[in-house]
Amino acid sequence: MTGRPSPQLDVDRLIDDRRTRIIVCCGSGGVGKTTIAAAIGLRAAEHGRHVVVLTVDPARRLAQSMGLTSLDNTPRPVRGVKARARQAGNDAEPGGSLHAMMLDMKRTFDEIVEAHADPDRAAQILANPFYQSLSSSFAGTQEYMAMEKLGQLRRADEWDLIVVDTPPSRSALDFLDAPQRLARFLDGKLLRLLTAPAKVGGRAYLRALNAGFGMVTGVLTKILGTQVLKDVQTFVSALDTMFGGFRERADYTYQLLRAPGTAFLVVAAPEEDALREASYFVERLDTERMPLAGLILNRVQQVPAAHLSAARSLAAAEVLQAALSGNTAKGHAGGDDDAPARQLTIAALQLHADRMTQAAAERRIAGGFTAAHPLVPVAEIPAQAEDVHDLEGLRRIGESFASG
Amino acid sequence: MATRDTDWDGVRLHVVTGKGGTGKTTVAGALALALAADGRRVLLMEVEGRQGIAQLFDVPPLPYAERRIAVGPGTDAHPGGDVFALVADPESALIEYLQMFYGLRHAGSALAKLGVMDFATTIAPGLRDVLLTGKAAEAVRRKDGSRGRTYDAVVMDAPPTGRIGRFLNVSAEVSDLARVGPIRGHADTVQQVIRSPETVVHFVTLLEEMPVQETLDGIAELRTLGGIRPGAVIVNMTRPLALPPRQLQAAAAGKLDQARLAIGLKSAGLDDSHGLAGALAAELAEQARTILGQEEQQQRLDTSDQPCYRLPWVSSGIDLAGLYRLAWALREQKAA
């Protein structure tokens, strides 16, 4: 066995606690993070919180499930949020609200530039080819801008709970590292030395380095061509007033993530890759002293007839199969009244055996995680038979969060 | 070498993409094995630094070097061929590029230590991609004196569907930045390979709303790029249910004849006292609803008019045996 069971993650207590201001859903791609974030947002709203869900996933169906034709860079109200009836009493809890938005990273980047540079300079930056690539396809820009948006929403203070769904990164850790990397890059000495060596030429130690940098620019010219370097140079001189600012902003959101009131939920499916990523993430959050609330194990196989083992189920299916073929061989197929019942039962038993095997594999894989992280609370969300189409579907997922 | 009639005769570069969670790496691995049957030599390449291939084939982490990791399934006529693996990262590819074109061996590694390589591959967004696709193109074109092309096929475990168009359309991306530089010339050579009939892009999907939508969007996107060929749609993790259509409908509606199930269980010698028939009926109902939803998604996929293969769900999880099973399934469907 896998040792003692993990503590139960109480998502309801987390969202009912008014001190919880930010919930970050993270995990590798394809584990259902966005849906979980939306389900948490809806449930919190129906528990009376004023919630905004920030997603980076352009899933149209999800937008539709919240009654929105599409999501954009501005929080839009979601209709159909119900107030939850008080457990004991007659009156419903004071109603909450739900807004949803999708990150537009280029727009968000543009807004930072517009806010920090005078109009002429801003226009110059926005038109720069290098800036355009940087703001739309640079690895890490999306993560940086997601964090930037989170900071903006927090400062706006219009919502008492922000639920963020992190970008579908190569690795879940990118979400923590990429903003810093972009900030370091934009504010970095290398970028400035490369593009404006004259400015720093006066200092002796830099003079010594200059020879080295001559080689560096030489190689970069070989790789990139002179035009790119020229674009970068123009970009950097236009951006001059903003230097330092990127680092500061990244630091601000990083601190926000550490502050009391922030809770991380690591989302994973019961699969090797997803749980490996989840493990890395849990360990990293611990190192960074960031507040981990727990693991949401999504899409866990439920087996209603769990008391019938896979082996017995398959054996029984074989018995029936033998009976069927026996009768067919004797030419009794037409007269065998039980044949349809047997066929149906074989299908049911084979499916059941398959699900039992899968459930066992999932338990084994999840057991690897819980054995390594016995103190991390876990909440399981049953696999849904169908895709989520509407608020009702999100609500059903939310019901798995019910306390106790 | 025996030539079988497959759907992709003449294709040498198989780019495999898919939404996260669809099993893209697993399918790329199975395809590489399938292609390596009949004594062929195949290179399986990954470009996202996740060491997914090493985990899949249960070998230690792989370096930036071509290593033999598996043998393709043999047939009566031929022993299985070799599958090599390569983990390509942009930094190493750049150093290699500088060595090849400028003889900058030492400068390259010195600059790497200074972080300049990282800087260069970050500063020009398309550069990263052109270096990675460039490595694949080089492997496709590489020749071995005696045997012609070094590899009969190259399989690339590519970035996810959402990024695949931009990843492959590097020529356009890079030319935005480098209007003249040597990278531009390199990118053009790479594009000749990517846009030739020797290259196709396969989409791995599940029969669920979002992966199917991304697959259709991805195929549509490639078609607008001109010359980049969508290949097969590979539906992963399919689980057929042995029920005739009428019963499937009834099961999905929760109207299955439980009495019948009870009779069947009794004749199999199973005790129904714990409500077994009811619980099994519930399992059938859930699965039937899933399957009906999947059929809807399959119809949407069919509108893409690309060849479609189906791979079975392996309930015990994917290990080497499971991988070979998927490889056979691909061969049987003439994917390789």
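Structural remarks
- The range A:292-307, subset of a type in the set (V, I, T) and within 14 Å of another protein chain (Cβ to nearest Cβ), residue nearest to A:A371 (Cα to Cα): A:V300
Residue-by-condition table, conditions (1) touching a helix residue (DSSP H, G or I) at 6+ places or on another chain (Cβ under 9 Å); (2) assigned by TED's automatic domain parsing to the domain that holds A:Q124; (3) surrounded by fewer than 21 Cβ atoms within 10 Å (Cβ to Cβ):
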| position | (1), (2), (3) |
| --- | --- |
| A:A238 | yes, no, no |
| A:A250 | yes, yes, no |
| A:L256 | yes, yes, yes |
| A:P270 | yes, yes, no |
| A:R276 | yes, yes, yes |
| A:R284 | yes, yes, yes |
| A:T287 | no, yes, yes |
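- B:R246 being surrounded by fewer than 17 Cβ atoms within 10 Å (Cβ to Cβ) and under 27 Å from the mean Cα position of the chain (by Cα): no
- Residue within the range B:316-324 that is among the small types (G, A, S), under 17 Å from the mean Cα position of the chain (by Cα) and closer than 20 Å to A:D354 by Cα present: yes
- Taken as a whole, the range B:58-77 holds no residue that is of a type in the set (S, T, Y), touching an Asp or Glu at 6+ places or on another chain (Cβ under 7 Å) and buried (at least 17 other Cβ atoms within 10 Å of the Cβ).
- Among the candidates B:A253, B:A242, B:A282, B:A187, residue that is farther than 28 Å from B:T26 by Cβ and either in contact with a strand residue (DSSP E or B) (Cβ under 8 Å, 6 or more places away or on another chain) or facing another protein chain (nearest Cβ under 9 Å) (or both): B:A282
- Residue count, the range B:3-20 (criterion: crowded, with 24+ Cβ neighbours inside 10 Å and closer than 21 Å to B:W313 by Cβ): 4
- Any chance A:H332 is at pLDDT below 95, assigned by TED's automatic domain parsing to the domain that holds A:Q64 and not aliphatic (A, V, I, L, M): no
- Number of the condition not met by B:T22 [criteria: (1) within 14 Å of chain A (Cβ to nearest Cβ); (2) touching a residue at least 40 places away in the same chain (Cβ under 8 Å); (3) farther than 21 Å from A:G29 by Cα]: (3)
- Looking only at the range A:374-396, and only at residues there that are of a type outside the set (A, V, I, L, M) and under 14 Å from A:L297 (Cα atoms), the one that is farthest from the other protein chains (Cβ to nearest Cβ): A:P377
- Listed by position, the helices (runs of 4 or more DSSP H) inside the range A:49-135 whose residues that are modelled with pLDDT of 80 or more number at least 3 are A:105-116, A:119-127.
- Qualifying positions in the range B:180-232 - within 30 Å of B:I291 (Cβ to Cβ), among the hydrophobic types (A, V, I, L, M, F, W, C), surrounded by fewer than 22 Cβ atoms within 10 Å (Cβ to Cβ) and at pLDDT below 90: none
- Condition met for A:H352 (modelled with pLDDT under 90 and at the interface with chain B (Cβ under 10 Å from one of its Cβ atoms)): no
- Condition check for B:G103: more than 26 Å from B:V204 (Cβ to Cβ), within 14 Å of chain A (Cβ to nearest Cβ) and either in contact with a helix residue (DSSP H, G or I) (Cβ under 7 Å, 6 or more places away or on another chain) or modelled with pLDDT under 90 (or both): yes
- Qualifying residue in the range A:370-386 (condition: part of a helix (DSSP H, G or I), surrounded by fewer than 19 Cβ atoms within 10 Å (Cβ to Cβ) and of a type outside the set (D, E, K, R)): yes
- Of the residues making up the range A:275-291, none is within 14 Å of chain B (Cβ to nearest Cβ), in a strand (DSSP E or B) and modelled with pLDDT of 90 or more.
Yes/no matrix, rows are residues, columns are (1) over 35 Å from the mean Cα position of the chain (by Cα); (2) farther than 30 Å from A:S279 by Cβ; (3) at pLDDT below 95; (4) not assigned by TED's automatic domain parsing to the domain that holds A:D286:
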site	(1), (2), (3), (4)
A:A323	yes, yes, yes, yes
A:D336	yes, yes, yes, yes
A:P340	yes, yes, yes, yes
A:H389	no, yes, yes, no
A:G404	no, no, yes, yes
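- Among the residues of the range A:115-133, just one is free of Cβ contacts under 8 Å to residues at least 24 places away in the same chain and closer than 21 Å to A:T253 by Cα, namely A:A115.
- Filtered residue count, the range A:255-274, keeping only those that are over 14 Å from the mean Cα position of the chain (by Cα) and closer than 15 Å to A:G367 by Cα: 4
Results for (1) of a type in the set (S, T, Y); (2) within 28 Å of B:G23 (Cα to Cα); (3) in contact with a Gly (Cβ under 7 Å, 6 or more places away or on another chain), shown as yes or no for each residue.
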position: A:Q233; (1), (2), (3): no, no, no
position: A:L256; (1), (2), (3): no, no, yes
position: A:L265; (1), (2), (3): no, yes, yes
position: A:E271; (1), (2), (3): no, yes, no
position: A:E283; (1), (2), (3): no, yes, no
position: A:A305; (1), (2), (3): no, no, no
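The values are calculated or read from the model by the stated rules, or taken from the named source; none is laboratory data. All values derive from a computational prediction rather than experimental measurement. Cβ coordinates were reconstructed from backbone atoms using ideal geometry, including for glycine residues, and neighbour counts include every protein chain displayed.
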